[in-house]
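Report on one structure; see the data block that follows.
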Amino acid sequence: MMRRLIPRCAPRATVFLTPRRSPLGLLQAARQYSASPAAAPQTKLQDIDPAQLVLNTTPNPKPLKKPEDLVFGRNFTDHMLTIEWDQATGWQRPHITPYQNLSLDPASCVFHYAFECFEGLKAYKDKEGRVRLFRPDKNMERFNKSAARIALPTFDSAALIDLIARFAKLESRFIPEERGYSLYLRPTMIGTQKTLGVGPPGSALLFVIASPVGPYYPTGFKAVSLEATDYAVRAWPGGVGDKKLGANYAPCIVPQREAMSRGFQQNLWLFGEDEYVTEVGTMNFFAAVRNKQTGRKELLTAPLDGTILEGVTRDSVLSLARERLAPEGWDIIERKFTMRELDEAAAEGRLIEAFGAGTAAIVSPVRAISWRGKLVNCGLKDHEESGEIATKMKNWIEARQYGDDAHEWSYVC
């Protein structure tokens, strides 16, 4: 397969433009992303270079859907960003092309040994119509950690943020003006070397696609009920539960389906004989309680011990809590706690509220947890769908996402 090499003397400000092609031409030009094994590199590898971007816009823009018709992750924008890597030369020239199928050899290692990791972040449109990303540096930091853990190549975070920002601006027409809407961005990296041998991939593909999405709760907050799950384990010490790998997600679907068959929306993942509370579904978990000994209010979440995903929303909740709740007398605590502790706090009226935290929903209030044949009430009254802390966190984070609260977390594209 012939590869385009990046000239060493290419000017930093150059953007390469290519002529538009017909849909038939695009189909005929489908690129083969699988590579054969190659010799190890003898020189320093090329990193991602935004100045080498090749832009090929679609001749057939898609019609926009009505905002109220958007379904999370079902509709996609006109274009995609792709960057190839191989072990001989490093990262190749980035391309923004019309959204299209990938061409991969059936022996590509992603299919056989799960060489795959991904990220999830959103682009927002502020009152002036500018496109903003929320804490993309944290996503890229985690993306690099995930890639390194499964022997995929790492990259310069600032360079990829630059490219994602350009991509988001190109697709900005898909972001509705109404508050609560955004563009969900999915950076993904896969191993593409065609071999059935088990070893570090000699080639990889990084791509970014985008999906316009509406509010996670279009009719307002809806508290969920959980089933405490101890018969299946989401993550374990020494494993990869703290990395965003596709292999972490598929095994969770059957337990979730079983929980839903019994009337619960998600699993609360417990770990070990002591039944430590870890995560809820695909989100980090928080509990607001009154300390039994001191009576002080505490916001609890599990520590980053290698089994907990380093959630960007988790970090945002903790930062805001230390900034705004601590002065009001709250203790913000990262420690291990058990389901028995939550049950005891609920029985004694000390469990104030509980919620999950993640990119899709920001926060997801919890009404009750099924545990050992009984329902543990998480502090909400029958007419309430969200507690005070969950509501505040949603509002505080959204203010920064949409640029209402000027802050370094908001990256203007």
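The values are calculated or read from the model by the stated rules, or taken from the named source; none is laboratory data. What you see is a predicted model, and the numbers here were worked out from it, not measured in a lab. Please note: Cβ atoms are built from the backbone with ideal geometry, for glycine as well, and neighbour counts cover all protein chains shown.
General observations
- Only listed residue being of a type outside the set (A, V, I, L, M) and modelled with pLDDT under 95, chosen from Pro212, Pro237, Pro218, Pro201: Pro218
- Residue in region 170-179 that is at positive phi, buried (at least 18 other Cβ atoms within 10 Å of the Cβ) and at pLDDT 95 or above present: no
- Residues of region 266-304 that are outside any strand (DSSP E or B), free of Cβ contacts under 8 Å to residues at least 40 places away in the same chain and on the phi < 0 side of the Ramachandran plot: Glu273, Gln293, Thr294, Arg296, Ala302, Pro303.
- Cβ separations smaller than 7 Å between residues 6+ apart or across chains give the following pairs from region 390-413 residues that are crowded, with 18+ Cβ neighbours inside 10 Å to residues that are part of a strand (DSSP E or B) and of a type in the set (Asp, Glu): Ala390/Glu353.
- Condition check for Leu299: in the same structural domain as Gly373 (by TED's automatic domain parsing), crowded, with 18+ Cβ neighbours inside 10 Å and over 30 Å from Tyr124 (Cβ atoms): no
- Close pairs (7 angstrom Cβ cut-off, 6 or more residues apart or separate chains): hydrophobic (A, V, I, L, M, F, W, C) in region 177-188, part of a loop (DSSP other than H, G, I, E, B) and surrounded by 17 or more Cβ atoms within 10 Å (Cβ to Cβ) anywhere: Leu183/Glu171; Leu183/Ile175
- The residue that is farthest from Tyr124 (Cα to Cα), counting only those in region 180-198 that are assigned to a strand (DSSP E or B) and either at pLDDT below 95 or over 23 Å from the mean Cα position of the chain (by Cα) (or both), is Lys194.
- Every pair of residues 6+ apart whose Cβ atoms lie under 9 Å, when the first sits in region 63-85 and is under 18 Å from Tyr216 (Cβ atoms) while the second is among the acidic types (Asp, Glu) and surrounded by 11 or more Cβ atoms within 10 Å (Cβ to Cβ): Pro67/Glu178
- Hey, Thr307 within 18 Å of the chain's Cα centre (by Cα) and in contact (Cβ under 8 Å) with a residue 40 or more places away in the chain or not: yes
- Qualifying residue in region 264-273 (condition: farther than 30 Å from Ala147 by Cα, surrounded by fewer than 22 Cβ atoms within 10 Å (Cβ to Cβ) and either of a type in the set (Ser, Thr, Tyr) or not assigned by TED's automatic domain parsing to the domain that holds Glu388 (or both)): no
- Residue ID - surrounded by the fewest Cβ atoms within 10 Å (Cβ to Cβ), chosen from residues in region 345-368 that are more than 24 Å from Ser316 (Cβ to Cβ) and in contact with a Leu (Cβ under 7 Å, 6 or more places away or on another chain): Ala368
- Filter result for Phe286 (out of contact with any Gly (no Cβ under 7 Å at 6 or more places or on another chain), within 30 Å of Gly329 (Cα to Cα) and at pLDDT 95 or above): yes
- Contacts under 6 angstrom Cβ, first residue in region 114-136 being closer than 19 Å to Ile362 by Cβ, partner small (Gly, Ala, Ser) and in a loop (DSSP other than H, G, I, E, B), 6 or more apart: Asp126/Gly403; Arg132/Gly403
- Pick from region 329-368, criterion of a type in the set (A, V, I, L, M, F, W, C) and in a loop (DSSP other than H, G, I, E, B), ranking: nearest to the chain's Cα centre (by Cα): Ala360
- Remark: Ala287 falls outside the filter, which requires a residue to be of a type in the set (Gly, Ala, Ser), in contact with a Lys or Arg (Cβ under 9 Å, 6 or more places away or on another chain) and crowded, with 17+ Cβ neighbours inside 10 Å.
- Selection of first residues in region 311-340 that are outside the structural domain of Tyr276 (by TED's automatic domain parsing) and of second residues that are modelled with pLDDT of 95 or more and assigned to a loop (DSSP other than H, G, I, E, B), restricted to Cβ pairs under 6 Å at least 6 apart or on distinct chains, gives an empty result.
- Residue that is within 16 Å of Leu351 (Cα to Cα) and of a type in the set (Ser, Thr, Tyr), where the choices are Thr282, Thr313, Thr278, Thr294: Thr294
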